[in-house]
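This report refers to the structure that appears directly beneath it.
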Amino acid sequence: MFSREESKKLTQEFWTSFGKKYEQQWILYNTKIKEVQLKFTFNRKFAQVAMDVSSADSVIQEYYYEKLISLKKIFKAEYLPQAIFEENYLLPEGKTVSRVYVQLDNVNIHNKNDWPVVQKFLTENMLKMEKFFRDFEDFIKS
């Protein structure tokens, strides 16, 4: 078991090494759509690449999520076949978002042996997620 400080240090070390190895300018929060963000997650249980739709106004959140749902067949056929679409995804802090994601299970940010596999997973899948977003950005925004 790791102390909070050890866990924090390992997490920082992972993301620093990831950033140095893959010097990509990721879109992430810079989608130019306030309610839509692309995200990386890596914790003690899984790694994830996600597109989140979040708004204080449930009607707006539903609007953007429905746009993604309308593209689901294309998304799964041409970008990420294993993608999961979840309208009500509960984040650890208790907030609910609509999330489209791919996940790699049974990896642990505290296990450096998992890092190369996770870095490859995150990079390959975020590149596909970003490609989808760029290809359909105008439709999602409209």
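Give the shape of region 1-57 as rounded, prolate or oblate, defined through the alpha-carbon gyration tensor: a ≥ b ≥ c are the square roots of its eigenvalues, a/c under 1.5 means rounded, and otherwise the shape is prolate if a/b is larger than b/c and oblate if not. Show your work: numbers first, answer last.
On the way: a/c = 2.73, a/b = 1.59, b/c = 1.72.
Taking the square roots of the gyration eigenvalues as a ≥ b ≥ c, region 1-57 is oblate.
Calculate for the chain the 222 nm mean residue ellipticity that helices alone would give, adding -39,500 (n - 2.57) per DSSP H run of length 4 or more and normalising by residue count, nearest 500 deg cm²/dmol. Don't jump to the answer; show the numbers that get you there.
Values: 4 runs with 65 residues, N = 142.
Computed mean residue ellipticity for the chain: -15000 deg cm²/dmol.
Å³ per residue of the Cα convex hull, for region 64-142?
104 Å³
What is region 30-88 by shape, rounded, prolate or oblate, if you read a ≥ b ≥ c off the alpha carbon gyration tensor as root eigenvalues and call it rounded for a/c under 1.5, prolate for a/b larger than b/c, and oblate otherwise?
In terms of gyration-tensor shape, oblate.
What net charge is computed for the residues neighbouring residue 75, neighbours being all others with C-beta under 12 Å from the C-beta of residue 75, Lys and Arg scored +1, Asp and Glu -1?
Around residue 75, the charge tally is +4.
Under Stokes-Einstein, with the Kirkwood radius over Cα pairs standing in for Rh, what whole-number D in µm²/s applies to the chain at 10 °C and 1.306 mPa s?
So the translational diffusion coefficient is about 100 µm²/s.
Taking neighbour Cβ counts within 10 Å as the exposure measure, how do 4, 99 sort from fewest upward?
On the way: 4 7, 99 22.
Ranked by crowding around the Cβ, least crowded first: 4, 99.
Go through region 135-142 residue by residue and turn each phi into a ³J(HN,Hα) via Karplus (6.51, -1.76, 1.60, θ = phi - 60°); whole Hz please, and just put x for glycine and proline.
Karplus values, whole Hz, x for Gly and Pro: 5, 10, 4, 4, 5, 5, 5, 5.
Using the number of other C-beta atoms within 10 angstrom as an exposure proxy, rank 3, 98, 17 with the fewest first.
3, 17, 98
Once you have the Cα-Cα distance between residue 134 and residue 1, take 0.36 nm times their residue separation minus that, and quote the gain in nm to one decimal.
Numbers: separation 133, 0.36 × 133 = 47.88 nm, distance 4.13 nm.
Computed gain between residue 134 and residue 1 is 43.8 nm.
Output wanted: per-residue J couplings in Hz (rounded whole) for region 18-23, from phi through Karplus 6.51 cos²θ - 1.76 cosθ + 1.60, θ = phi - 60°, x for Gly and Pro.
Calculated HN-Hα couplings, in order: 4, x, 6, 6, 10, 7 Hz.
So between residue 56 and residue 112, what do we pick up on full extension, going 0.36 nm a residue minus the alpha carbon distance?
Extra length available between residue 56 and residue 112 comes to 16.4 nm.
Read-outs: derived from the displayed coordinates by stated rules, not from any lab. Since we're looking at a predicted model, the values are computed, not measured. Using ideal geometry, Cβ is built from the backbone for each residue, glycine included, and neighbour counts are taken over all protein chains shown.
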